[in-house]
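First comes the structure, then the notes that go with it.
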Amino acid sequence: MAIRFLKQDQLPAFLGQLAEKARVVAPVKTDGVVQFQPWVSGQDVELDVLLAKQSPKEYVFLQTETYLKFGYEMVKPEAAGGDTAAEEADPVSVDDAAVEVAIPYETVTVEPQNEAPAQVIFGLRPCDARGFVQMDQVFGGYGGFYYDPLYNARREATTLLAVTCREPRSTCFCTAIGGGPAGEEGVDALFTQVDGGFVVEALTEKGEAALAAAGAALTDATDAQIAAAGEVKTAAGAKIDVPFALEGIRDNLHDNIADDRWHDQAMRCISCGTCTYVCPSCYCFSINDELVESTGERYRVWDNCFNPLYTEETSGHNPRAQKSNRFRNRFSHKFWYYPDKYDSLLCSGCGRCIMNCPTRIDIREIVRVMGAPAPAVAAGAASEAPAATGDAPAVAEGKEA
Amino acid sequence: MSRQDHIREFAAQALADGRVDYFIGWKQGYNSSEVVPAFVKDPADVDQLIWTPLCHHNLVTFIKRNMPDPADAKIGLCVKGCDSRTLVALLQEELVDKEKLYVVGVPCDGIVDRRKLEKEFADELVDIAFPERGRVVVTTGKGETREFAQDDVLLDVCGRCRYPNALYADDVAGPLEAEPDREESGPDWSDIADFENLSDDEKQAALERVYATCIRCFACVHVCPVCVCWDKCVNRSREPELVAQKVGAKENLLFQMIHMFHVAGRCTSCGACDRACPVEIPLYLLHRKMNKEIYDMFGFEPGTKLDEKPVFQLFDLATDHFGD
Ligand code: SF4
Ligand code: SF4
Ligand code: SF4
Ligand code: SF4
């Protein structure tokens, strides 16, 4: 596929043409805050901050998504034509055949919801796109275990036009976990900023189709522009620190499950859940039924492992009763349980959780410390402590002394 | 001796004496433009404690946040003037035991609003330095450096601060800051004047607009030092489900109204909720409005007098009014 060029001043025209065929979602600044929003003509796309507050996962995995609407009503057959007052006074007097058919009956309506408008997300970063790939494994029927029709319908209707990170932030660590500022995983077309505009590469058929739909705004890239894009990519990759090596992390997290240091690490966490809601790959949700009078809906809504209700059982017992138990889960899920199941990580290294956490809990530091073998002294002490005698997580997570 | 040196000395002493099990202060975050709460257990580690105009966290939040501390854990902590008010509010309500606390008051000349600085640059901030009192020097990732006057980039709450010195402390980190004449002038409510001038319909619309972007992360609630239900918050309860879990302008507003009523007469305007909100919702609007109503009605400023009863504990069913 030919490599194209989009002049900076042609960006609105490009998005405008896309918007004729699909909803366009892009990072836009409102009241000083950059978030992915449905783009409307005339709005500036904000690429300078690098990362919007939240990843664009909200457009595929909705924060609140209605599964179905339901309702019931008492229907009174018209054929009865009878004496309503008498029926209400004595509904069981059914010896007369004419009255018998007039007994009101209940109808239940169930209306499934499933809409998935075509959309193009522009201006996400390679780490954001990778977050979708990681969620796909969970929602997309990996090994035939589970297939989520709502997620997949939206995912299929979505095209991801990512922008290379020319100026990574100090909180970025995508290269440490197999990605990069020009990473292609999950990306349908990649836009790299060079002098005067973007070098545009289609990476999938979806990406090619999107570029074809807005072809009038594009030209062929020159060799010089393509070379410049290559330099931007290499230079960006070199700017990113590698805070830890992946080897051994999974096993060490397993071995450290009952380690007291989790409590120390969690001290400054306020157990809010911000980190999970800004993350491109956290995918937990809960399901609610809400009934008002005789109609209602069943919807799912994002939930997170810091919420004490997340693991509370019907009996009232909570296997993760303490903040530190819940705290441990987030990191263990991303670097141990998920990798065990899907053989990849559940983190793309975007750093959003670091910079948006109210107390700036640093996932790099947690993984570095808790993903390393326990110091000999601490391990010895832990095995003597009565609270840490349980080998199974269920015991270790129970009420501690 | 700097305030920072005082803090380190007090912390080291209290840890060495066994007066506290751990000491809560502030330390540098992931780079030198960030400060985070620090929990120090070993006197040898007190050198990580710092005091700069970036120490915005209200550490009172953490007194109750670290179960399973043994019930008799003794905690040392630093409080600025505003933080001390939330501590006084909790002491008034007998929600914390002062025998188990060791409190170091830190006289404060105003905390810098990192978000105001962030908005001055396209690039990320990597260093914020304070070469001397009143000067703030900011450096970005690309190496751009700019200087600001501290007074120009303060948190809004600091701009109207009436209590720069701790109202409750066992020790004080250096000389006190000058205090405004509180007899002379009452609290400054100018921050909510625009909001108050709106009609009811406009207020409703304004609130729905600001809360429409709420992502229900509950950081505002969890960071609030006087929000004490924590793991049992009614806004999250599903049995009974009193507040819809779904995200939407009306649902979000209801959740915030509940938060406002639960901290009415208790909120000290510390601003922790505003700073914690990842999507920068002006949470002060509702809380400050409620604070003003309570001040106008009862002359009550939460957390200012240790021997005072909180206003909502004064309600007398027999006489149907508050206090005498
Ligand atoms: S865990 Fe943190 S760094 Fe990793 S993808 Fe999520 S928000 Fe980004
Ligand atoms: S790590 Fe930070 S963002 Fe996540 S729950 Fe804890 S305090 Fe909140
Ligand atoms: S509601 Fe906000 S301003 Fe008031 S005490 Fe709580 S955190 Fe502080
Ligand atoms: S901190 Fe902000 S986004 Fe989070 S629940 Fe509170 S108002 Fe909503």
Nearest 100 Å² is fine: what is the total accessible surface buried where chains A and B meet, probe 1.4 Å? 3800 Å²
Amide H of residue B:78: which non-local residues (sequence gap of 5 or more, or other chain) have their own amide H closer than 5 Å, using H built in the peptide plane? B:24, B:104
The range B:3-123 - percent relative contact order, Cα under 8 Å, separation 6 or more: 26 percent
Can you compute the equivalent ellipsoid semi-axes for chain B, i.e. the square root of 5 times each eigenvalue of the Cα gyration tensor, sorted largest first and rounded to whole Å? 31, 26, 21
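Could you pull out the pairs from B:64/B:98; B:41/B:80; A:69/B:246; B:41/B:74 whose alpha carbons sit more than 18 Å apart here? Don't skip to the answer; put the middle values down first.
On the way: B:64/B:98 13 Å; B:41/B:80 21 Å; A:69/B:246 14 Å; B:41/B:74 11 Å.
Distance filter (> 18 Å) returns B:41/B:80.
Which GluC sites (Glu not before Pro) from the range B:63-159 combine a DSSP loop assignment with at most 10 other Cβ atoms within 10 Å? Present the calculation step by step, with values, prior to reporting the outcome.
Values: sites: B:93, B:94, B:99, B:118, B:120, B:124, B:132, B:144, B:147; in loops: B:93, B:94, B:120, B:124, B:132, B:144.
Filter output for the range B:63-159: B:94, B:132.
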Could you grab the relative contact order for chain B? Cα pairs under 8 Å, six or more apart, rounded to a whole percent. 17 percent
Pseudo-spin-label distance residue B:314 to residue B:120, built 7 Å along Cα→Cβ, given in nm, is 4.3 nm
In a Gaussian network model over chain B where Cα atoms closer than 10 Å are linked, find which of B:57, B:287, B:262 has the largest mean-square fluctuation. B:262
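Under 37 °C and 0.692 mPa s, how fast does the range B:96-226 diffuse according to Stokes-Einstein, given a Kirkwood radius computed over C-alpha pairs? Answer in µm²/s, whole number.
D = 177 µm²/s.
For chain A, what is the convex hull (Cα atoms) projected area averaged across all directions, in square nanometres?
Numbers: hull surface 113.4 nm².
Averaged projected area of chain A's Cα convex hull equals 28.3 nm².
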Heavy atoms only, 1.4 Å probe, whole protein assembly: order A:242, A:278 by accessible area, highest first. A:242, A:278
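Given Cα pairs under 8 Å that are at least 6 residues apart, what percent is the relative contact order of chain A? Each step should come with its number before you reach the end.
Working: 727 pairs, mean separation 79.7, N = 401.
The value is 20 percent.
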Go through the range B:134-143 residue by residue and turn each phi into a ³J(HN,Hα) via Karplus (6.51, -1.76, 1.60, θ = phi - 60°); whole Hz please, and just put x for glycine and proline. x, 10, 10, 10, 10, 10, 9, x, 7, x
Karplus-derived 3J(HN,Hα), 6.51/-1.76/1.60, for each residue of the range B:288-297, Hz, glycine and proline x: 5, 4, 5, 4, 5, 4, 5, 5, 5, 7
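Taking 1 over the mean of 1/r across every pair of different Cα atoms in the range B:190-313, what Kirkwood radius in Å do you get? Numbers along the way, then the final one.
Values: mean 1/r = 0.0655 Å⁻¹.
Roughly 15.3 Å, rounded to one decimal.
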Sparse-neighbourhood loop hits (GluC sites (Glu not before Pro), the range A:229-303; DSSP loop; Cβ within 10 Å at most 11 others) -> A:247, A:293
With springs only between Cα atoms under 10 Å apart, run a GNM on chain A and tell me which of A:172, A:127, A:272 wobbles the most. A:272
Find the Cα radius of gyration of the range A:249-383, compare it with 2.2 N^0.38 Å by division, and give the number to two decimals. 1.17
Please list B:231, B:181 in order of solvent-accessible area, largest first, computed with a 1.4 Å probe with all protein chains present. B:181, B:231
log10 I(q)/I(0), Debye, Cα-only the protein assembly as shown, no solvent, q = 0.05, 0.10 Å⁻¹? -0.29, -1.09
Net charge of Cβ neighbours under 12 Å - reference residue A:202; Lys, Arg +1; Asp, Glu -1: -3
Only bridges with both residues in the protein assembly as shown count here: give the DSSP antiparallel percent, nearest 5. 75 percent
Considering just Cα atoms, how many Å³ per residue does the convex hull of the range A:265-311 enclose? 104 Å³
If every Lys and Arg gets +1 and every Asp and Glu gets -1 at its Cβ, then about the Cα centre the protein assembly as shown yields a dipole, in debye to the nearest 20, of 2140 debye
Give, rounded to the nearest 20 debye, the magnitude of the charge dipole that the range B:112-153 has about its Cα centre when Lys and Arg contribute +1 at Cβ and Asp and Glu contribute -1 at Cβ. 60 debye
In the range B:222-236, the residues losing 30 Å² or more of accessible area (1.4 Å probe, heavy atoms of protein chains only) relative to their chain alone are B:222, B:230, B:231, B:236
Could you report the accessible area of residue B:321 in Å², rounded to 10, computed with a 1.4 Å probe on the protein chains as they sit in the structure? 90 Å²
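Roughly how many percent of the accessible protein surface of the protein assembly as shown is carbon and sulfur, given a 1.4 Å probe and a whole-percent answer? Walk me through the intermediate numbers first.
On the way: 16550 of 32000 Å².
Of the solvent-accessible surface of the protein assembly as shown, carbon and sulfur hold 52 percent.
Once you've got the Cα coordinates, tell me which of A:53/A:239; B:203/B:232; B:250/B:309; B:203/B:292 are over 26 Å apart. If you can, show how the numbers build up before the last one.
On the way: A:53/A:239 22 Å; B:203/B:232 30 Å; B:250/B:309 34 Å; B:203/B:292 16 Å.
Beyond 26 Å between Cα atoms: B:203/B:232; B:250/B:309.
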Applied in sequence order to the range B:263-280, the curve 6.51 cos²θ - 1.76 cosθ + 1.60 (Karplus, θ = phi - 60°) yields integer Hz couplings, x standing for Gly and Pro, of 10, 4, x, 10, 5, 9, 6, 6, x, 4, 5, 4, 6, 7, 4, x, 9, 6
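The values are calculated or read from the model by the stated rules, or taken from the named source; none is laboratory data. All values reported here derive from a predicted model rather than from experimental measurement. All Cβ positions, glycine included, derive from the backbone under ideal geometry; neighbour counts span all protein chains shown. Remember, those area values only see protein heavy atoms, side chains included, never the ligands or the DNA or RNA. Shrake-Rupley method; radii C 1.70, N 1.55, O 1.52, S 1.80 Å.
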